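What follows is calculated from the coordinates using simple rules that are stated; it is not laboratory data. Computed from a predicted model, the values in this text were never measured in an experiment. Note that we place each Cβ from the backbone using ideal geometry, even for glycine, and neighbour counts take in every protein chain shown.
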Amino acid sequence: MMENLKIGMTNRFEKTVSEDDTAKKLASGTIEVFSTPMMVAMMECAAKDVVQPSLEEGYSTVGISLNIKHIAATKVNKKVWAVAELIEIDRKRLVFKIDAFDEDKKIGEGTHERFIIENRKFIEKL
């Protein structure tokens, strides 16, 4: 199941900031700038997509922890992206280093842990 996973694997997830992505729209703030919740979602998506193509059918990953800093604001209509790198594999626990950028600067950084699950068994336990 995990033999294709290697330390150093990377993925980039990119989007353009819309009004729906702002702190004001998501009620996480009052200003129309790229929100922290959307930056977190972008970071998680980048990490998920590092490993998903390497997993067997019927398996995926779920986020279990996130430690990030949102270090700079980004205006609507700017391009943003997150780069996730797999830095640790501990059985089914995966750790990623994640950096986020806009067209002008670094906007976020941190680490994220995900756990490999078998989809069917995971849903049955709910």
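The table that follows gives values for the structure above.
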read-out	value
Highest-first arrangement of 60-66, 24-30, 119-125, where packing means the average Cβ count within 10 Å	60-66, 24-30, 119-125
Ala72-Ile89 pseudo-label distance in nm [points 7 Å out on the Cα-to-Cβ vector]	3.4 nm
Inter-part distance where region 1-29 and region 35-60 are each reduced to a Cα centre, Å	7 Å
Two-decimal Rg/Rh across region 1-62, once Rg and the Kirkwood Rh are taken from alpha-carbon atoms	1.14
Tilt relative to the chain, helix 36-51 - C-alpha long axis, 0 to 90 degrees, to 10	30 degrees
Base-10 log of normalised Debye intensity for the chain (one unit scatterer per alpha-carbon) at q = 0.22 Å⁻¹	-1.15
Taking the chain and dividing mean pair separation by its residue count, relative contact order in percent (alpha carbons under 8 Å, at least six apart)	29 percent
Peptides 99-110, 32-43 ordered by average Cβ neighbours within 10 Å, highest first	32-43, 99-110
